[in-house]
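S.K.: Sharing a structure, written as structure tokens. Questions coming.
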Amino acid sequence: MEMTARSFWTLVHGMGFGALYLLACSGALVELYRRYCTHNQALPSERDEKFLRIYLVAMAALAWLAVLTGAYIIYPWYRAVPPPGTASLAAFPQRLLMASPTTSGWHSIGMEWKEHVAWIAPISITMAAAVALQYGRNLKNHPQLRTAVLVFVWISLFAAGVAGFFGAMINKNAPVEGGPVIHIVQGESK
Amino acid sequence: MTTPTASTSVSSPDFPSTSRPNGAGAAAILAAGIGAFLMAVFAILADQSAAIKSAMIFWKPTGPLSGVTTCAIVLWLATWAILHARWRNRSVALTRVNAAAFVLLILGLLLTFPPIADLF
């Protein structure tokens, strides 16, 4: 069982940071609703508040790691230009997708949207984390701040979902492969 | 940008009677909306103009995306810092701030969608 270095980094970007962010988003939405959208009038405890702050800061870190690894590690491999006379486009995912009308949309719509919309997720969640850090338990007294935080977390979930969906589909149609091979485990031979 | 302000002693959905003014939060919210919108604006500019596209190549392997995202993020953070400095000690009309931020955020989402971005 082995994988290439590029495949490994794609896994780190998509599954390690991106998918974990999506999971964390659903958790954050549940927690924010439970805390602020119910009829519970009691202030959250200091411990609960500290947990939410750490949770949102960790989400912001995940979102930034996802977009930065995507833009500065994976994307250069994806958009690499093949030298003239290259017979196989397998190592050049963008060119491979654009070579066929049945797959070109994954680049012209999928990647073109994903590469920009994904950045709305870290911007939104950084704002949510900053508001939680600044207001803490006092957020209970600011219904409109809470509404804004909830809306931005929803939008960040949507933006990350778009990026995740297209990332998965693009990698399915034209995987980012290459680089040194990493041997994970030796399989049984028949 | 001029936004109505009020004393924190006034109690309403916009200006709840709390010890902490809402200005710092409002600054973060509006700046995030502006940041999302700027991301789309820079993406469209780089897509429509060869000169801007070339100027946006801050790091060649990533191409214009490096400049588009860097410019949007730097301006987002600068806007946030300016708004925070101006609003941190006062309460502002959050209904209007939220509305503006949501509109900018939705525009950011829509304008990054290639079939819509290509209309410009």
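S.K.: Report those helices (runs of 4 or more DSSP H) wholly inside region B:15-101 carrying at least 3 residues which are more than 9 Å from chain A (Cβ to nearest Cβ) and surrounded by fewer than 17 Cβ atoms within 10 Å (Cβ to Cβ).
M.R.: Numbers: elements: B:23-48, B:50-55, B:64-87.
Helices (runs of 4 or more DSSP H) meeting the threshold: B:50-55, B:64-87.
S.K.: Only one of these is at pLDDT 95 or above and more than 22 Å from B:Thr112 (Cα to Cα): A:Trp77, A:Trp113, A:Trp119, A:Trp64. Name it.
M.R.: When all the criteria are applied, what remains is A:Trp77.
S.K.: While we're looking at this one, here's another question. (1) closer than 27 Å to A:Thr10 by Cα; (2) modelled with pLDDT under 90: which one isn't true of A:Asn40, the others all being true?
M.R.: (1)
S.K.: Hey, any hits in region A:166-175 for a residue that's touching a residue at least 60 places away in the same chain (Cβ under 8 Å) and closer than 24 Å to B:Val41 by Cβ?
M.R.: Taking region A:166-175 and keeping what is touching a residue at least 60 places away in the same chain (Cβ under 8 Å), we get A:166-171, A:173-175.
Subsequent filtering for residues that are closer than 24 Å to B:Val41 by Cβ retains A:166-167.
Yes: one or more hits.
S.K.: Let me ask another. Does region A:168-185 contain any residue that is assigned to a helix (DSSP H, G or I), among the β-branched types (Val, Ile, Thr) and within 18 Å of the chain's Cα centre (by Cα)?
M.R.: Yes, that holds for at least one residue.
S.K.: Could you count how many residues in region A:117-134 are touching a residue at least 60 places away in the same chain (Cβ under 8 Å) and not in a helix (DSSP H, G or I)?
M.R.: 0
S.K.: Return yes or no: is B:Leu104 under 12 Å from the mean Cα position of the chain (by Cα), over 22 Å from A:Tyr135 (Cα atoms), more than 10 Å from every other protein chain (Cβ to nearest Cβ) and surrounded by 15 or more Cβ atoms within 10 Å (Cβ to Cβ)?
M.R.: The answer is yes for B:Leu104.
S.K.: Determine whether region A:135-144 contains at least one residue that is assigned to a loop (DSSP other than H, G, I, E, B), surrounded by 23 or more Cβ atoms within 10 Å (Cβ to Cβ) and touching a helix residue (DSSP H, G or I) at 6+ places or on another chain (Cβ under 7 Å).
M.R.: Yes; the residues of region A:135-144 include at least one that is assigned to a loop (DSSP other than H, G, I, E, B), surrounded by 23 or more Cβ atoms within 10 Å (Cβ to Cβ) and touching a helix residue (DSSP H, G or I) at 6+ places or on another chain (Cβ under 7 Å).
Residue by residue, here is whether (1) at pLDDT below 95; (2) closer than 30 Å to A:Ala71 by Cβ; (3) not aliphatic (A, V, I, L, M) holds:
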| position | (1), (2), (3) |
| --- | --- |
| B:Ser11 | yes, no, yes |
| B:Asn22 | yes, no, yes |
| B:Ile44 | no, yes, no |
| B:Ser54 | no, yes, yes |
| B:Ile57 | no, yes, no |
| B:Val68 | no, yes, no |
| B:Ile82 | no, yes, no |
| B:Leu110 | no, yes, no |
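S.K.: Just for region A:69-116: of the residues that are among the aliphatic types (A, V, I, L, M), away from chain B (no Cβ under 14 Å) and assigned to a loop (DSSP other than H, G, I, E, B), which one is farthest from the chain's Cα centre (by Cα)?
M.R.: Only one residue tops the list, namely A:Ala87.
S.K.: Can you tell me which residue is nearest to B:Arg90 (Cα to Cα) among those in region A:152-173 that are in contact with a helix residue (DSSP H, G or I) (Cβ under 6 Å, 6 or more places away or on another chain) and facing chain B (nearest Cβ under 9 Å)?
M.R.: Per the stated criteria, the residue is A:Phe152.
The values are calculated or read from the model by the stated rules, or taken from the named source; none is laboratory data. All of these numbers come straight from a predicted model, not from anything done at the bench. Because the Cβ atoms are built from the backbone with ideal geometry, glycine has one as well, and the counts that use them run over all protein chains shown.
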